[in-house]
Amino acid sequence: MKLKKYGATEQKIYDLVKPITDELEFFIWDVCFVKEGAMWYLRVFIDRDEGITIDDCETATRPISEMLDRIDPIEQSYILEVGSAGLERELLKKDHFEVCIGDMVRVHFIRTVDGLKEISGVLNEFSNDGITLKCEDDCTKFFSFSDISSVKLYMDFE
C-alpha cells in the first residue's frame, strides 16, 4: 500500500477549498479528480467529529461551487460532488492514520499474512513503514504497508 499523494489538480483544489471548509469547521478527508467514461468528476469528501449530514454537504457545496466558478481552476468541464467520506472510509494519507489512532480498523492484505487475508483491530501506531494494531486477543502486532492492500475504519453493526 502506498499513501496517496495529490496530483497537481487535486492539490490546487485542496488549497482553494480548505479556507472554505475551515470556516465551516469541516475537515477535507480527500479530493479526487477522476474521469469516468466520458465525464470528469471533482469529488471533495468532508468530515467532522460529529459526522456529516446531507445538509452539511449542501452547505459546503454552495460556496465551493461559487468559488470554483469564479476562479475556474480546471480547464475541462466536470461534475462537482461534495460528500461525506463515509463511516467505513479508507485511510489513504498520513493525516488519516494520525486522526484515527485509537479507532477500530479493518486491514486487507495483498496476500495472506499469518494465515489471514484480513484482520480487525484498534489502530495503535502509524509509521512510514506500516501500522500497529491491538487485536482482539490483546496482542499488539505490526503490519508492513508492503503487505497491506487497504485499511478502512471498521464499524461493527451487530
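The values are calculated or read from the model by the stated rules, or taken from the named source; none is laboratory data. Being a predicted model, the structure only gives us computed values, none of them experimental. No Cβ is skipped: glycine too gets one built from the backbone with ideal geometry, and neighbour counts run over all protein chains shown.
General remarks:
- Restricting attention to region 119-143, the residues that are assigned to a strand (DSSP E or B), surrounded by 13 or more Cβ atoms within 10 Å (Cβ to Cβ) and touching a strand residue (DSSP E or B) at 6+ places or on another chain (Cβ under 7 Å) add up to 14.
- Residue check for Gln11: part of a loop (DSSP other than H, G, I, E, B) and either closer than 25 Å to Phe126 by Cα or not acidic (Asp, Glu) (or both): no
- Hey, Lys93 more than 19 Å from Trp29 (Cα to Cα) and of a type in the set (Lys, Arg) or not: no
- Residue in region 57-69 that is under 19 Å from the mean Cα position of the chain (by Cα) and either exposed (fewer than 12 other Cβ atoms within 10 Å of the Cβ) or not assigned by TED's automatic domain parsing to the domain that holds Lys12 (or both) present: no
- In region 144-156, the qualifying residues are those that are surrounded by 12 or more Cβ atoms within 10 Å (Cβ to Cβ) and hydroxyl-bearing (Ser, Thr, Tyr), and the one that is nearest to Glu90 (Cα to Cα) is Ser150.
- Close pairs from region 72-100: first within 16 Å of Cys32 (Cα to Cα), partner aromatic (Phe, Trp, Tyr) and loosely packed, with under 15 Cβ neighbours inside 10 Å, Cβ under 7 Å, at least 6 apart: Tyr78/Tyr41; Ile79/Tyr41; Glu81/Tyr41
- Positions within region 20-37 being exposed (fewer than 11 other Cβ atoms within 10 Å of the Cβ) and not in a strand (DSSP E or B), in sequence order: Glu23, Glu25, Gly37
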